[in-house]
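The values are calculated or read from the model by the stated rules, or taken from the named source; none is laboratory data. Here the structure is a predicted model, which is why all the values come from computation and not from measurement. Cβ placement follows ideal geometry from the backbone for every residue including glycine, while neighbour counts extend to all protein chains displayed.
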Amino acid sequence: MREEAADVSQQQMTFRAVDVGDGGDGRWAAHTQALWPVVRGWMTEESRTPEGADRARTLFEAHLPELAPVLDRLAGQLDRPGGETFLTHAALRPFFSGCTQIGGNGTLLRNYDFSPGECEGTIASSRFLRPVIGMQEGGWGLLDGMNDAGLAVSLTFGGRFVQGPGFAIPLVLRYLLETCTTVEQAIGKLRSIPIGIAQNVTLVDPDRAATVLVGPDIPLTEAPDACAANHQHLPVPDEQERFTRTQERLAAVRAAGADVAAMLKPPLYQLAYDEGLGTVYTADYRPSEGRVTYYWPAETWEQSFTAFAPGSRTMTLGRGA
């Protein structure tokens, strides 16, 4: 087991809650333009060519057609070279994170583990095709979120370092929430969407919870229960387990169930921030109630469809916060 120092330095991270509406009135653009110097670096070299841009647009229209008008609206508002291609999320460099999540009884509970300095930290309320609230990444992708129909979704990295043509998963989560109302419907759509790297997706509606395993080299496979850490159908190598504790965390979340207190303590709450595996936030979605509460060791922030409150808060991450 990886040892963690008892005096891990606490870190500060500022989170923002923004209401971007339908993306056409300038609020979304003002927020995203401020991020552009950073996020534009996520694009592949191939995507910066005319041929790469055409391929990304073609893939987007083939698999996410309902969002094409929204893509055009946002790209026009962003008004940056390469902005449309970036927003397709079909031409981004892969990223690999931690995370643990569990769904059941109308609740989706997750820890997001990553490097704090590389997270957008934006809680976004939007009405692109329908009301959606979630933790935004990559301009309009989502790490997790819920819609007004009572569906919630969340991602974790699948632990296998394979790559292929396809979308970055945050935009696929956005697509599911914009176009689906149930877990069954969302899984049906996921079966035909190409995903660029191995990912685990947990989905919850009022009647069902499920985790599915997806990736560029496997068909969609439903996991035995609605839990996920950072491995899929194959055991991870011993060295990877020592580093990520993925199997240990999956066993721990299964044993604890949807328990926020357990999520805020090791082994589920991780402290390896310098290695990109520290817990950045805990999210407790109650989609049938239209509300989500984000947790840190010493603070909470609740948002809902009926009382979404824009603003910013600086949170302390780490043990003893």
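Of all the criteria given as (1) out of contact with any Asp or Glu (no Cβ under 7 Å at 6 or more places or on another chain); (2) within 30 Å of residue 75 (Cβ to Cβ); (3) aromatic (Phe, Trp, Tyr), the one not satisfied by residue 161 is (2).
In the range 210-226, the residues that are without any contact (Cβ under 8 Å) to a residue 60 or more places away in the chain and of a type in the set (A, V, I, L, M) form Cβ pairs under 9 Å with partners that are in a strand (DSSP E or B) and surrounded by fewer than 16 Cβ atoms within 10 Å (Cβ to Cβ), at six or more places apart or across chains, as follows: 212/221; 212/222; 213/221; 213/222; 214/221. What number of residues within the range 116-137 satisfy the criterion of being outside any loop (DSSP other than H, G, I, E, B), among the charged types (D, E, K, R) and touching a residue at least 60 places away in the same chain (Cβ under 8 Å)? Residues meeting the conditions: 2. Criterion applied to 311, 290, 257 was being over 20 Å from the mean Cα position of the chain (by Cα), of a type in the set (Gly, Ala, Ser) and under 20 Å from residue 153 (Cα atoms), and the one residue passing it is 257. In the range 34-74, which residues are in contact with a Ser or Thr (Cβ under 9 Å, 6 or more places away or on another chain), assigned to a helix (DSSP H, G or I) and within 21 Å of residue 20 (Cβ to Cβ)? 35, 39, 60, 66, 67, 71, 74, listed by residue number. Pairs meeting the criteria (first residue in the range 138-156 and without any contact (Cβ under 8 Å) to a residue 40 or more places away in the chain, second residue crowded, with 24+ Cβ neighbours inside 10 Å and of a type in the set (D, E, K, R), beta carbons under 7 Å, at least 6 apart or on different chains) are 142/174; 143/137. Considering the range 299-321, the residues that are charged (D, E, K, R) and in a loop (DSSP other than H, G, I, E, B) include one that is modelled with the highest pLDDT, namely 299. Name the residues in the range 283-300 that are surrounded by fewer than 20 Cβ atoms within 10 Å (Cβ to Cβ) and farther than 13 Å from residue 204 by Cα, would you? If the condition is that a residue be surrounded by fewer than 20 Cβ atoms within 10 Å (Cβ to Cβ) and farther than 13 Å from residue 204 by Cα, then 291, 293, 297, 298, 299, 300 are the ones that fit. Looking across the range 165-204, the residues that are assigned to a loop (DSSP other than H, G, I, E, B) and not charged (D, E, K, R) come down to 165, 166, 168, 180, 181, 182, 192, 193, 194, 196, 198.
The residue of the range 170-204 that is surrounded by the fewest Cβ atoms within 10 Å (Cβ to Cβ), among those that are out of contact with any helix residue (DSSP H, G or I) (no Cβ under 8 Å at 6 or more places or on another chain) and closer than 17 Å to residue 71 by Cβ, is 170.
Scanning the range 240-268 for residues that are small (Gly, Ala, Ser) and at positive phi yields a total of 1. Checking every residue in the range 82-101 against the condition of being modelled with pLDDT of 95 or more and among the aromatic types (Phe, Trp, Tyr) gives at least one match. Of the residues 166, 150, the single one that is in contact with a helix residue (DSSP H, G or I) (Cβ under 9 Å, 6 or more places away or on another chain), under 16 Å from residue 226 (Cβ atoms), of a type in the set (Gly, Ala, Ser) and surrounded by fewer than 22 Cβ atoms within 10 Å (Cβ to Cβ) is 150.
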